[in-house]
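**Student:** The following block contains the structure, expressed as structure tokens.
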Amino acid sequence: MKRIVKNQLTVTRIAILGTEKLNTWKSNELDLIALRLGQLRSDLWNEFGSLKAWGVSKFEIDKQLRTSKDKYQLPAKLWDSTLYDVIDDIHLVQAACVEKVMKSLGQSFQSFPSKKGVLQLTLESREWLEHPKLCTLMRKFWDRGNTKVCNQIILRAFDTKLDSKGVVWLRFGGLTPCKTLKLPTTLPTEVKCQLRLIKRNCRWEIHYTADIEKAEKKTRGKIIGCDRGYTEVYATSSNDGARFLGNNFGKIQTEETDYRTAKQVKRDKIRSVFNKSIAKGNSAKADRIKRMQNLEFRI
């Protein structure tokens, strides 16, 4: 798990692969790699998108499939990068299902292993298959996945280098042995995180993560504009004397909001009684409620 740094956010940035139009050989090479990786991604989802990968780590799945990787005619680094990415996605879908099941049972999902309870540990393993009640909830919230995406390339083993002209070049191994793909990019600096190449509108995009600082709230300075607030309607600028217009406006809004909320709560109770009467077949009671004053168009 990545270490959380105070006042720092991790965001996704997008750069373009190729400062100019790529030549034919490089473009065809990328398309062929994406096509073969798309077939691998589809096969992984079809085989492990159900319960086969439940409670099984991606490294164990890697050992199972390592002997059959030659049929995709891909370099080992490209093959395992896509394999790990797909299995992580499958495990993420499984975690979302576990969270929904725990929420339906009145418990909260925990991310840290030390805080996980017996129920969460049971759901994350294969032990829940022995409990009929948990199996029923799992079938309710679990959806089997599949994919036909064939325009992405996951890169974990690559190299970026800044040349004398300020252009960052991306280099990684292609389909031809001992031949490296060297591609110019619009990356601002050299990066070392995982890259995701996505082809959109006949061009390749580079999706990468970057850490940025959180913007701090401004607590000093003069009033330089007109700001609409809650306690007051407007605050004028310092050139106009920094006046507050519409004092006690928040109190009026609060009173009106409380009145409308209480009124709607009563209507919801009547609506609930009306719906229960319809469900039980008590049409006479439902008709009396429907004929009540000012409720004709709200039920």
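The values are calculated or read from the model by the stated rules, or taken from the named source; none is laboratory data. Keep in mind the model is a prediction, meaning the values are calculated, not measured. Using ideal geometry, Cβ is built from the backbone for each residue, glycine included, and neighbour counts are taken over all protein chains shown. What goes into the accessible areas is simple: the full protein's heavy atoms, side chains included, and nothing from ligands, DNA or RNA. Shrake-Rupley method; radii C 1.70, N 1.55, O 1.52, S 1.80 Å.
**Student:** List, in order, the whole-Hz ³J(HN,Hα) value for each residue of the range 102-109 obtained from phi through the Karplus relation with A = 6.51, B = -1.76, C = 1.60 and θ = phi - 60°; use x for Gly and Pro.
**Tutor:** 5, 5, 5, 9, x, 10, 9, 7
**Student:** In whole percent, what relative contact order does the range 14-89 give with Cα contacts below 8 Å and a gap of six or more residues? Walk me through the intermediate numbers first.
**Tutor:** Details: 26 pairs, mean separation 34.6, N = 76.
Result for the range 14-89 is 45 percent.
**Student:** Could I get the Rg over Rh figure for the range 71-136? Both from C-alpha atoms, Rh via Kirkwood, rounded to two places. Could you put the intermediate results ahead of the total?
**Tutor:** Working: Rg = 15.8 Å, Rh = 13.8 Å.
The Rg/Rh ratio comes out at 1.14.
**Student:** Assigning unit charges at the beta carbon (Lys, Arg +1; Asp, Glu -1) and nothing else, what dipole magnitude in debye, to the nearest 20, does the chain show about its Cα centre? Walk me through the numbers before you get to the answer.
**Tutor:** Values: 57 positive and 33 negative charges, 188 e Å.
Its charge dipole is roughly 900 debye.
**Student:** Additional query: In whole Å, what are the Cα extents of the chain along the three principal axes, biggest one first?
**Tutor:** Cα spread of the chain along its principal axes, largest to smallest: 82, 70, 41 Å.
**Student:** Which length gain, in nm to one decimal place, applies between residue 164 and residue 70 when the Cα-Cα distance is subtracted from 0.36 nm times their residue separation? Please report the intermediate quantities before stating the final value.
**Tutor:** Numbers: separation 94, 0.36 × 94 = 33.84 nm, distance 3.94 nm.
Extending this stretch completely gives an extra 29.9 nm.
**Student:** Return the FRET efficiency for the residue pair residue 141, residue 212: r is the Cβ-Cβ distance, R0 is 35 Å, and the value is rounded to the nearest 0.05. Before the final figure, lay out each step's value.
**Tutor:** Details: r = 35 Å, r/R0 = 0.99.
Computed FRET efficiency for residue 141 and residue 212: 0.50.
**Student:** If I model a spin label at residue 50 and residue 288 as a point 7 Å from the Cα along the Cα→Cβ vector, what separation in nanometres do I get?
**Tutor:** The answer from the label model is 5.5 nm.
**Student:** Based on the Cα gyration tensor of the range 44-87, what are the three equivalent ellipsoid semi-axes, each the root of five times an eigenvalue, rounded to whole Å and given largest first? The partial results should precede the final answer.
**Tutor:** On the way: eigenvalues 65, 21, 18 Å².
Equivalent-ellipsoid dimensions as semi-axes: 18, 10, 10 Å.
**Student:** Same structure again: Mean residue ellipticity at 222 nm from the helices of the chain, using -39,500 (n - 2.57) per DSSP H segment of n ≥ 4 over the full residue count, to the nearest 500 deg cm²/dmol?
**Tutor:** Numbers: 7 runs with 119 residues, N = 299.
After summing the helix terms and dividing by residue count, I get -13500 deg cm²/dmol.
**Student:** Let me ask something additional. For the chain, give the percent of accessible area contributed by carbon and sulfur heavy atoms, probe 1.4 Å, rounded to a whole number.
**Tutor:** On the way: 10680 of 20630 Å².
That share works out to 52 percent.
**Student:** How long, wide and thick is the range 7-127, going by the Cα atoms along their three principal axes, in whole angstroms, largest first?
**Tutor:** So the extents along the principal axes, rounded to whole Å, are 57, 43, 22.
**Student:** Evaluate the distance, in nm, between pseudo-label points positioned 7 Å from the Cα of residue 252 and of residue 95 along their respective Cα→Cβ axes.
**Tutor:** With each label point 7 Å from Cα toward Cβ, the separation is 5.0 nm.
**Student:** Between residue 149 and residue 104, what is the FRET efficiency for a Förster distance of 35 Å, r being their Cβ-Cβ separation, to the nearest 0.05?
**Tutor:** On the way: r = 31 Å, r/R0 = 0.88.
The value I calculate is 0.70.
**Student:** To the nearest 0.05, what FRET efficiency results for residue 125 and residue 43 with a Förster distance of 25 Å applied to their C-beta separation?
**Tutor:** Details: r = 25 Å, r/R0 = 1.02.
Step by step, r from the Cβ atoms, then E = 0.50.
**Student:** Go through 100/263; 26/77; 21/192 and tell me which ones have a Cα-Cα distance over 22 Å in this structure. The partial results should precede the final answer.
**Tutor:** Values: 100/263 33 Å; 26/77 19 Å; 21/192 25 Å.
Checking Cα-Cα distances, 100/263; 21/192 exceed 22 Å.
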